[in-house]
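K.L.:
Dumping the structure here so I can ask a few things about it.
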Amino acid sequence: MRGNTHGVRSGWVPLLVTGSLLAGCSAQAADGGSPRRTGASAHTASPRSTAPPSGGPAAAPVHTPDASPVPRTPEEGRRLVESVVFAPGNWGRGFVAQDPAESRPGTWAVLDDDCRWDREKAPRGVLAGLSRYSLLPAGGSKGAVRVTAAATAHSSVLGADEQLSTTLEEVLRCPEQHPRAGARITGLNSLGTPFGAREQDYADDSVLEAGQYVEKDGAARPYRWMVARLGTVVVAVSVTGGQGHTEQELHRLGADALGQMLARVRQRAKEN
């Protein structure tokens with residue numbers, strides 16, 4: 001079995017449903033960083049009462065599922081993902097591009113039979129995909145924060161929905177994964193939350209994964225991967241935090257980014 005997407009026990013349910021993920025709605029994977037997941041605590045404010053992050057868009061209205069595709073051709077898909085996926089400057093002050101800065105065109109991340117991430121040619125049914133990798137360098141008493149922003153435009157709702165299903169299945173198949181040489185993600189758990197479940201009203205479907213990202217030095221760092229689907233478009237972010245960064249801080253960073261990317265998808269849908 002092979003998948004292309006990048007967990008969380010029952011204690012994560014209130015975090016995902018009432019946390020900053022809703023307030024904002026507002027991997028890195030094998031192509032250069034950590035895949036997707038981590039953490040434990042986060043904001044618990046109501047999505048309707050929590051203010052958007054500083055400099056971010058106003059809180060989005062309650063989502064109404066719409067099965068109609070946004071992009072219909074590869075060119076439309078390419079333009080959409082390029083406009084949706086966060087660049088380093090979108091994450092906040094101090095973030096810079098990693099090396100490589102983004103994924104190879106025409107590819108997507110695949111988890112192979114040995115639980116290792118790699119990039120392969122995108123299959124038929126995927127109009128376009130893009131991942132961008134950014135970094136907040138270490139400074140003072142705090143370690144570096146590595147983030148990924150990604151979007152995939154499918155030609156059908158079924159294909160996009162399958163990407164979310166695969167995300168959940170991968171954690172069961174590979175609770176320990178290898179994003180790149182000398183690194184591994186351990187203790188992975190996942191939680192899927194469809195629209196309408198426990199007040200999830202920001203996307204057609206969503207998945208949250210959590211675990212620990214372990215580098216060559218053996219230090220374990222919080223890792224989380226957040227994925228959401230709107231129609232035929234899947235957006236995702238991963239956050240891996242270094243020493244001195246709280247799990248609440250990292251969750252808010254990823255949740256705000258995901259929320260703003262979802263808002264961009266909605267805007268593109270209105271334009272089309």
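K.L.:
Which of the residues spanning the stretch 192-241 are within 19 Å of A109 (Cα to Cα) and among the small types (G, A, S)?
P.N.:
S206, A210, G211, A228, A236, S238
K.L.:
Among the numbered criteria (1) within 20 Å of L188 (Cα to Cα); (2) touching a Lys or Arg at 6+ places or on another chain (Cβ under 9 Å); (3) at pLDDT below 90, which one does W108 miss?
P.N.:
Condition not satisfied by W108: (1).
K.L.:
Return yes or no: is D217 at pLDDT below 95 and under 18 Å from the mean Cα position of the chain (by Cα)?
P.N.:
no
K.L.:
Identify, by number, the condition in (1) over 15 Å from T152 (Cα atoms); (2) aliphatic (A, V, I, L, M); (3) not in a helix (DSSP H, G or I) that M226 doesn't meet.
P.N.:
(1)
K.L.:
From the set of residues in the stretch 172-202 that are among the aliphatic types (A, V, I, L, M) and touching a helix residue (DSSP H, G or I) at 6+ places or on another chain (Cβ under 9 Å), which is surrounded by the fewest Cβ atoms within 10 Å (Cβ to Cβ)?
P.N.:
In this case the residue turns out to be A197.
K.L.:
Is at least one residue of the stretch 250-268 farther than 18 Å from N90 by Cβ and of a type in the set (A, V, I, L, M, F, W, C)?
P.N.:
No, that holds for no residue.
Okay, residues lined up against (1) under 26 Å from R79 (Cβ atoms); (2) not hydroxyl-bearing (S, T, Y):
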site: L208; (1), (2): no, yes
site: P222; (1), (2): no, yes
site: V227; (1), (2): yes, yes
site: G231; (1), (2): yes, yes
site: S238; (1), (2): yes, no
site: Q248; (1), (2): no, yes
site: H251; (1), (2): no, yes
site: A263; (1), (2): yes, yes
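The values are calculated or read from the model by the stated rules, or taken from the named source; none is laboratory data. Small disclaimer: the values here were computed from a predicted structure and weren't measured. Neighbour counts are summed over all protein chains in view; Cβ atoms, including those assigned to glycine, are modelled from backbone coordinates with ideal geometry.
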